[in-house]
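Below: one structure, written as structure tokens.
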Amino acid sequence: MKKKCLLSLMLFSLIFLWGCGLELNSRMELNKDFSGHRLMTCTVSSADLARYFSGSKKDLDKVIRDACPKALVYKQTTEKDDTVYTFRMDFSSLKDYRKKVESLLNFAPEISYSYADSPFAKGLRYSENFSTKDLMSWLYTALYEKGYVDQKSVNDLWNLKSTEFTFAGKKYETDEKISIDEMTYVPVTSIDIKTRETSSRKLKRTISFRLPKETLEKHSSAVNSYFSGSSYKKSWKNEKDGKTLIITFTKDNFSDLCAVTRKVLHTSDTRGTYRVETKSGSPFEFLLDYEETLDFKNFADESGKVPVTYTHISNAAYSGSGEQTLIDGKTGKKKVNFSSSFGQPVRKYEIAEVYKNKNDIRRSFSFIFSSVCNKRELAKLKEAFMGSTVSNVSLDKEDDYRLSFTQKGTVDQCDADLKKIWKGSSSSYETKKTLFRGQTSGYTGKFRLHLNNKKAKGTFTFASVSKDSSVDISVTADHSKNIKMAQNVADKPISALMEGDEAIASIHKVELTGDSFTVNYEGSTSGHFLLNALKFLLPLVLLLVAGILVYVKQNSVLYWLKRTKEKIQEQLKKFQR
């Protein structure tokens, strides 16, 4: 009887073992930055092959070799009579892991991950909605499509023996679907982030952590130690229900500001960038696009969120963007995008222009300003002065900044470039021919400089080296004053623009207040025209006069002869009587 029972027990055990399926083990190792790897080992015995697989071991090897997804690499080893297939997935981030897992599954993966190591939130939360069996479903599909397994064996093919999870060196035992929650929380009332542009356009950020009394009573020392960085200042403010920790720091640009914020929030997922461009048609105006990602996981409660306000305040002296509130509510991780603008005021400018004809005008520009720009913005400002007629662009600093460039080309070429640089500016030329004045040339230059300072002081000097014999130059502006200059004598800016042995025909200089003015030039060739006309007409006139004189003289002689004849005839008649 005992023998029968023993045989029955052995038979039952064999049946149980025989029906277990292919042995599957999983081990996932994860670092704090979510880099790591996942190993899945599949052990196949000769008995498994006979029970679950209608082909040979070579057939199985070929299917695995052909069907193994790109997200996995595998190797094959032998242990006694068993063949072990090890599949490995390496990943560098949560995004990378999610992408590779999704390529293995027949449904959308859900992966929840949160790790914090702060006085306010401490521990790990991690969960997945899939098992290792799900990650190996590709192999069953490949075997089924080749006819090596049937549909009935889908639930019996795998025997998931163990699922191990290791995080930062610590091992966890878990179910088939990984689920770990060992997070502890200490309350934070709210976080307020306020960024304000200073008078010099630096960025001053204040991060205020409002902490309840119960948090400070138990964790005051840990909180002080947690915020012990050297890149910011720290102060405390008493409240009715606790205290507010106030952290302040000032930086030249947004990227550096975000770098310090990352240290304060103690997370590598906090970062920021910004893009700067000059405004089209107004190079001293700047357009700024900001983007910042903020991760508050080290301060979140059980929901993974904490009350946050995030405000950016532009300096009204340079910008009309005002105050913008981008976050106002509970959040865990948030990306904010916002735009701003500002104008760089110009204090003083100097413009000189040499006019020769419609095919040759030359200009020099110089602008002086106390910079409220950072290095990146100054570089963009310099890049804004471009064109086929523009050269020698320079940006130098002494006490103030000086931006200078020259322009040379035809009236039409200079007009095209000037319009691109300054909206509303233009250059035009026209000619006319008249009977008495000969050919007249009209040139007009409109300058709309957009200097963000209606009281900007400037000088404009215009010199003509044309061959026009008669010249009229005028400059119109809201506020201008003519400066007396010796005609035919060039000052330094004009001299720098002149070429060869050119001589100044006329020069005009004005002092200006404001950033808009118009120059009008009118020249004519009347003197040359009259001289050329006289050269042509004088011989004709002389010939005509000579002809008249000859004609008059001939008539006078005939008249004298006629009178003489008449007198002779009268005398003869008298003599005959």
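Every number here is computed from the coordinates shown, using simple stated rules; none is lab data. Computed from a prediction, not measured in an experiment: that's the story for all the values here. A quick note on method: Cβ atoms are made from the backbone with ideal geometry, for glycine too, and the neighbour counts reach across all protein chains shown.
A few points about this structure:
- Given their separation in residues at 0.36 nm each and the Cα-Cα distance between them, Thr309 and Gln569 gain 80.1 nm when the chain is fully extended.
- Each Cα pair under 8 Å and six or more residues apart adds its separation to the average, and for the range 376-440 the resulting relative contact order is 22 percent.
- Lys80-Thr189 pseudo-label distance in nm [points 7 Å out on the Cα-to-Cβ vector]: 6.6
- Listed by chain and number, the lysines placed with their C-alpha closer than 21 angstrom to that of Lys467 are Lys356, Lys358, Lys408, Lys432, Lys433, Lys509, Lys535; residues fewer than eight positions away on the same chain are left out.
- Modelled this way, with points 7 Å down the Cα-to-C-beta line, the labels at Thr166 and Glu217 are 4.3 nm from one another.
- Among the GluC sites (Glu not before Pro) in the range 291-371, those located in a DSSP loop and surrounded by at most 13 other Cβ atoms within 10 Å of their own Cβ are Glu302.
- Filtered trypsin sites (Lys or Arg not before Pro), the range 113-202: DSSP coil and at most 15 other beta carbons within 10 Å: Lys177
- Over the chain, relative contact order from alpha-carbon pairs under 8 Å, at least 6 apart, %: 9
- Rg/Rh ratio calculated on Cα atoms of the range 406-466 (Kirkwood radius): 1.07
- For the range 286-300, the Karplus equation 6.51 cos²θ - 1.76 cosθ + 1.60, evaluated at θ = phi - 60°, returns couplings of 10, 10, 10, 10, 10, 9, 9, 9, 10, 10, 10, 4, 6, 10, 7 Hz by residue, with Gly and Pro reported as x.
- Where a label projected 7 Å from the Cα of Asp241 along Cα→Cβ would reach, residues of the range 170-204 with amide N under 17 Å: 186-192
- The Rg/Rh ratio for the chain, using Cα coordinates for both the radius of gyration and the Kirkwood hydrodynamic radius, is 1.39.
- Listed residues Leu157, Ser56, Cys42: farthest to the positive end of the dipole of the range 19-180 (Cβ charges): Cys42
- Remark: the Arg347-Leu105 segment gains 80.6 nm on full extension, using 0.36 nm per residue and subtracting the alpha carbon distance.
- For the chain, the mean residue ellipticity at 222 nm estimated from helices alone is -9000 deg cm²/dmol, where every DSSP H run of n ≥ 4 contributes -39500 (n - 2.57) and the total is divided by all residues, rounded to the nearest 500.
- Förster-model FRET efficiency, 45 Å R0, Asp478 and Ser255, C-beta, rounded to 0.05: 0.65
- Exceeding the 24 Å Cα-Cα cut-off - candidates Lys420/Lys454; Lys177/Lys334; Lys420/Lys446: Lys177/Lys334
- Estimated inter-spin distance, Asp269 and Asp61, nm [label 7 Å along Cα→Cβ]: 4.5
- Straight-distance crosslink candidates among lysines, where the alpha carbon sits under 26 Å from Lys146 and sequence neighbours closer than 8 are dropped: Lys57, Lys58, Lys62, Lys70, Lys75, Lys100, Lys133
- Rel. contact order, % - alpha carbon contacts under 8 angstrom, at least six apart, the range 329-394: 25
- Local net charge near Lys202, Cβ-Cβ under 12 Å (Lys/Arg +1, Asp/Glu -1): +2
- Euclidean distance of C-alpha centroids, the range 123-164 and the range 165-236, integer Å: 40
- Relative to the dominant Cα principal axis of the chain, helix 213-226 is inclined by about 70°.
- For the range 348-527, the convex hull spanned by the alpha carbon atoms encloses 123 Å³ per residue.
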